[in-house]
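The values are calculated or read from the model by the stated rules, or taken from the named source; none is laboratory data. Given the structure is predicted, the values throughout are model-derived calculations rather than measurements. Because the Cβ atoms are built from the backbone with ideal geometry, glycine has one as well, and the counts that use them run over all protein chains shown. SASA here: full protein model, heavy atoms, side chains in, ligands and nucleic acids out. Shrake-Rupley method; radii C 1.70, N 1.55, O 1.52, S 1.80 Å.
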Amino acid sequence: MNDKSIIIREKHSRLLRYSHWINFSLLSIMVWSGILIYWANDAYIKIPNSIAETFSIRFRLAEGMGWHFFIMWAFLFNGLIYVNYMIISGEWRTIAPNRKTFYEVIPVILHELKIKKSGPVTIGKFNAAQRLAYTGAILMGLGSVLTGIAIYKPVTLGWLTNLLGGYKAARFEHFLLMIGFFLFFIVHIIQVARAGWNNFRAMLAGYEIEKD
Amino acid sequence: MKLKKIEVNSNDLKKRLFTSILIGVLFFTIGISAFKYVQASSSRVEGTPSLLRNSFIWNEKVWTKLSSHRHLSVNKPNPPKGKEPRVNGDLGLEDELELKDYSVEIISGNKKLLLPVSAFHSSPKVGYSTDFRCIEGWSEETQFAGSRFSDFIKFYDLGKKADGSYYNYVGLETPDKKYYVSIDMESMLHPQTVLAYEMNEEPLSEENGAPIRLVIPIKYGIKSLKRIGKIFFSDTRPPDYWAEKGYDWYSGF
């Protein structure tokens, strides 16, 4: 075996990678158990019987609630570790939108959709669209926790439920955020696939190869 | 923030990637196995894997510490006159309702009473409107009126043991005993917990639990038992229909 040297960049720290994959697992269980709960009163988007049957989500309300109110603590805890890490390490600067983000985001999206040939040069870890998406995902996580506890404890936290527009509104907001996560997931998967192995490997092992 | 460039040995890098992938595979294998283990686990407590049952109980402890039973369910304006309250289940209501000679059995220690419906009008009428929230996920602003449960037990001197302290639990049943709930005493003493004979300013309909029902808006609707046949007090938790079917026994907001 040849022992050549390679130039790499340390892209994602261990803590960031761990919390990312733990979050992915926990959020999957939250969405799944949330759908089991939602089925009992599918008020916004009707779940067709055929789909409910295929994915076996009927008559599992109690089970859904059991998982949802168990995993929620781990989801919250993992989220807090991640957010605290981002703040303390100063890494929040890599995902926080700045002044440039807002006028760069349209060209970045046009470039990604191949409408425009060249996009703005990415300085640092993430481009404008990524910054908005990742910061948005964190805010959606916060929103899910707030709308979630507002419908979980609408008497103890009646003030929060009221602030969110009442019990019915908070349930709808909680649902919309789930849809938001779903859309984020789709775009995220497509973009990760397009970015290729070098980029994806960074979320597994932390490094990106600069050049062989 | 520009990322630093580092020069490394290619074999070390391969090892590093291999280790990372191994940890990842291990993590997901353990995670998925743990999930499947809980799902398949035969140690079920009242229809729920013991882990999730314990989680319900743990959550109950956390939220009662935050005195969830001491807050009021937010008052709402009265629903428009004549609005029919939503009817959901008819568990325990299948038998023909016999209003003539209808009586409610009460057991508190050695005391046994058979009370006519008029007995539930002995204490002052209390009425309010608030969200009635079903565990299925729907909710409806509803007006309720009846006797406050705490007033009722004071009037008939019920619910206390010889030493003057309250029993821990209240059990309620429909006359056919096909639907039954149990509730912690603190929640039963909540000012919005009423033995209701009126909903939306109309006498209680048969589907909504005539002649007398429990309304406890600080818990999911499953606890608001219709057509009360029996009320009893106990220090051990009486059976609860939906808790036996895997739901959270506490079910409080």
Completion exercise
Flagged pairs (Cβ under 9 angstrom, 6 or more apart or on separate chains; first in the range A:100-118, touching a residue at least 40 places away in the same chain (Cβ under 8 Å); second of a type outside the set (S, T, N, Q) and part of a loop (DSSP other than H, G, I, E, B)) are A:112/A:119
Problem - helices (runs of 4 or more DSSP H) wholly inside the range A:141-212 that include at least 1 residues being touching a residue at least 60 places away in the same chain (Cβ under 8 Å) - result: A:167-195, A:197-205
Handout entry: Selected residue (criterion: farthest from residue A:7 (Cα to Cα)) from residues of the range A:190-207 that are surrounded by 14 or more Cβ atoms within 10 Å (Cβ to Cβ) and either among the polar types (S, T, N, Q) or facing another protein chain (nearest Cβ under 8 Å) (or both)
Key = A:191
Problem - Counted residues, the range A:96-132 - those being within 14 Å of the chain's Cα centre (by Cα) and either open to solvent by 40 Å² or more (accessible area, probe 1.4 Å) or modelled with pLDDT of 95 or more (or both) - result: 2
Practice task
Consider only pairs whose beta carbons are under 7 Å apart and that are at least six residues apart or on different chains; among these, list those whose first residue lies in the range B:36-52 and is in a strand (DSSP E or B) and whose second residue is modelled with pLDDT under 90 and of a type in the set (Ser, Thr, Tyr).
Solution key: B:49/B:41
Practice task
Go through the range B:140-155 and give me each residue that's hydrophobic (A, V, I, L, M, F, W, C), closer than 12 Å to residue B:204 by Cβ and open to solvent by 10 Å² or more (accessible area, probe 1.4 Å).
Solution key: none
Fill in the blank from the handout: Residue hits (the range A:14-59; over 18 Å from the mean Cα position of the chain (by Cα) and open to solvent by less than 50 Å² (accessible area, probe 1.4 Å)) are A:36, A:37, A:38, A:40, A:41, A:42, A:47, A:52, A:57
Practice task
Considering only the range B:96-119, state which residues are within 28 Å of residue B:242 (Cα to Cα), part of a loop (DSSP other than H, G, I, E, B) and open to solvent by 80 Å² or more (accessible area, probe 1.4 Å).
Solution key: B:96, B:98, B:99
Completion exercise
Within the range B:139-173, the residues that are out of contact with any strand residue (DSSP E or B) (no Cβ under 8 Å at 6 or more places or on another chain) and among the small types (Gly, Ala, Ser) are B:150, B:162, B:164, B:165
Handout entry: Matching entry among B:53, B:70, B:86 (being farther than 30 Å from residue A:166 by Cβ and surrounded by 12 or more Cβ atoms within 10 Å (Cβ to Cβ))
Key = B:53
Exercise for the section: Please determine, by comparing only the residues of the range B:1-47 that are small (Gly, Ala, Ser) and within 9 Å of chain A (Cβ to nearest Cβ), which one is surrounded by the most Cβ atoms within 10 Å (Cβ to Cβ). Expected result: B:20
Exercise for the section: Can you give me the ranges of the strands (runs of 3 or more DSSP E) entirely in the range B:142-253 with at least 3 residues that are farther than 23 Å from residue B:84 by Cβ and within 14 Å of chain A (Cβ to nearest Cβ)? Expected result: none
Exercise for the section: Determine the pairs where a residue that is surrounded by fewer than 19 Cβ atoms within 10 Å (Cβ to Cβ), located within the range B:229-246, has a partner that is among the acidic types (Asp, Glu) and part of a loop (DSSP other than H, G, I, E, B) with Cβ atoms under 7 Å apart, the partner being 6 or more residues away or on another chain. Expected result: B:244/B:46
